[in-house]
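Below is one structure; the comments refer to it alone.
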Amino acid sequence: MNHAKTTSQRFSVELPVYQANLGCAILDGSGFPDNYYFQDLGLKHTSFCQSAICYIDGAQGTLLYRGYPVESLCRQYTYESIIYLLLFGELPSKRVLTTFTRKLHADMSVPDYCYQLLETLPHDHHPMGILLTLVSALSADDTQLLDDPDDMAIRIIAQMPLLVAMSQRHAKGLPPVRIAKPTEYVEDFLIYLQDQRPSTLAHQVFDRILTLHAEHEQNASTCTLRVSGSTGTNAYAALAAALTALWGPAHGGANEACMAMLEAIGTCDRIPEYIEKAKSKTDPFRLMGFGHRVYRNRDPRADVMKSLARDVLDHKQDEPLFRLARSLEKRALEDPYFISHQLYPNVDYYSGIVQRALGIDCQSFTTVFALARTSGWMSHWLEMQRDRTPIIRPRQHYIGPRQRDL
Ligand code: CMC
């Protein structure tokens, strides 16, 4: 039922233009006439906030955290430094990092009722749903809320390794692991998860996975966190909102969906069939782990993820899936449809392969993404507190019936 009338009328308005530090010029819509709404379905061309945290150049395939390219950060800094960089804008000195990580490690525990709540949940629940349940419970607990926004953000980031590990283990029928004395963020996560010290390789690869997924400006989950946070809701509640948005297969759920797709394809001889399905306008199937709203050339995270897959698969049995993924990528990149639609592998294309090689279950991949992205989400939440962001309340193009009598 679409009651909208199209009109050939054109409209012009003079608006101030700002040149951003990097990237597209910004039309300042604050002076837009009250009797018009600007329609931008999917918010493809809308900047709805100002932020100094992350910059993406989709044409060049560049991703900067606070001005630094993500590939260089991955190579030279640990995830703990990346958390600090995202939250506070600068890379920490050794001394600052020591103080910061001490604070982070002091806050890693969760209240006892989280463990009790976990026991009431069936083991066949999805780990993302379990994580969401635990975070929602924390949102109702005033004693967990801190007045200082910096401390609040740090507490949430500190609790996530345990919450994510609890969710993953519960979905496998395993009890939570407790650590006597936390030592290092990524190592602690892996101990909470696997109840043993990780190998140096696993530690390093996980550190990089977390850095690669840490931040990505106004993606669907960060945007959701901002909308939720703009109402003044508490940080756990805003985090829960972000988690729900991340879960979907078009966003953070793509790593799980991509692995399911590769398993369904199974062998290289079936690749052409799936390429045709992805191109068909009558088939809803899409190549998972391919395409991105912003990147039109390459996703720099995908390149690093592919090299991590090479590192971890060196000695592992499931190499055939990696071979299949590489063949599918090659075939797609040669296909005129993928070329003309500017579709390239995104970060999720190889991330499932890497995570599975490190012992993570397919249905838990998105919780690892959530763990990583929490530093980005909390950076945006902090930025909103500092900037006193107004409530985000867009308008709509109404297409329902005119007023009528009952
Ligand atoms: N396979 C086949 N066709 C595709 C794909 C794909 N993966 N992605 C986009 N297209 C086509 C789409 O059918 C449409 O074609 P046409 O113009 O001929 O109708 C065109 O490309 C534009 O699609 P769109 O949905 O308007 O593009 P978007 O920028 O709104 O969507 C996307 C971006 C990521 C949702 C989409 O590319 C997609 O669904 N990809 C698969 C899911 C995925 O891998 N998601 C992870 C994204 S990266 C990590 C993250 O952000 O969480």
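Some values worked out for this structure:
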read-out: Rounded percent of accessible protein surface that carbon and sulfur make up, segment 107-252, 1.4 Å probe; value: 52
read-out: Local electrostatic count, PRO249, Cβ distance below 11 Å [Lys/Arg +1, Asp/Glu -1]; value: -1
read-out: The chain, helix-only ellipticity at 222 nm - DSSP H runs n ≥ 4, -39,500 (n - 2.57), divided by all residues, nearest 500; value: -16500 deg cm²/dmol
read-out: Förster radius 45 Å - calculated FRET efficiency between ARG395 and ASN297 (Cβ-Cβ, nearest 0.05); value: 0.85
read-out: FRET efficiency, ILE26 to PHE88 (Cβ-Cβ, R0 30 Å, nearest 0.05); value: 0.75
read-out: Surface accessible to a 1.4 Å probe, per residue, for the residues of the chain, Å²; value: 51
read-out: In Å, descending, principal axis extents of the Cα set of segment 2-47; value: 41, 23, 18
read-out: Percent accessible area from carbon and sulfur atoms, segment 254-357, protein chains only, probe 1.4 Å; value: 50
read-out: Linear extension gain, GLU276 paired with ARG75, 0.36 nm per residue minus alpha-carbon span; value: 68.6 nm
read-out: Point-charge dipole on Cβ atoms (K/R +1, D/E -1) for segment 254-357, about Cα centre, debye to 20; value: 300
read-out: Set of segment 97-118 residues, backbone N closer than 19 Å to the point 7 Å along the Cα-Cβ line of LEU174; value: 110, 115-116, 118
read-out: Candidates LEU63, LEU97, LEU85: whichever shows maximal mean-square fluctuation once the chain is modelled as a Gaussian network with Cα springs under 10 Å; value: LEU97
read-out: Spatial separation of Cα centroids for segment 101-119 and segment 224-250, in angstrom; value: 21
read-out: Added length on full extension, which subtracts the Cα-Cα distance from 0.36 nm per residue, ARG402 to ARG323; value: 22.7 nm
read-out: Eligible lysines near LYS181 by straight Cα distance, threshold 18 Å, same-chain separation 8 or greater; value: LYS103
read-out: Dipole moment magnitude, nearest 20 debye, segment 64-123 about Cα centre, only Lys, Arg, Asp, Glu C-beta charged; value: 400
read-out: Under 9 Å, Cβ to Cβ, from CYS362 - net charge with Lys/Arg +1 and Asp/Glu -1; value: -2
read-out: Segment 2-47 - percent of accessible surface contributed by carbon and sulfur, probe 1.4 Å; value: 52
read-out: Separation of alpha-carbon centers, segment 288-328 and segment 348-406, rounded to whole Å; value: 23
read-out: Positive-end extreme of charge dipole, the chain - chosen from GLY291, VAL186, LEU73 (charges on Cβ); value: GLY291
read-out: Excluding exposed DSSP-loop GluC sites (Glu not before Pro) (at most 14 other C-beta within 10 Å), longest clean stretch of the chain; value: 91-406
read-out: Under 21 Å from the Cα of LYS330 - lysines, other chains or at least 8 residues apart; value: LYS277, LYS279, LYS306
read-out: Where trypsin sites (Lys or Arg not before Pro) fall in DSSP loop in segment 280-328, at most 14 other Cβ within 10 Å; value: LYS281, LYS316
read-out: Extension gain, VAL13 back to ASP269 (0.36 nm per residue minus Cα-Cα distance, nm); value: 86.6 nm
read-out: Electrostatic dipole magnitude of the chain [Cβ: Lys, Arg +1; Asp, Glu -1; Cα centre; debye, to 20]; value: 740
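The values are calculated or read from the model by the stated rules, or taken from the named source; none is laboratory data. It should be emphasised that the depicted structure is a prediction, and the values quoted were computed from it without experimental measurement. Ideal geometry is used to build each Cβ from the backbone, glycine not excepted, and the neighbour counts take in all protein chains shown. With ligands, DNA and RNA removed, areas are computed over all heavy atoms of the protein, side chains included. Shrake-Rupley method; radii C 1.70, N 1.55, O 1.52, S 1.80 Å.
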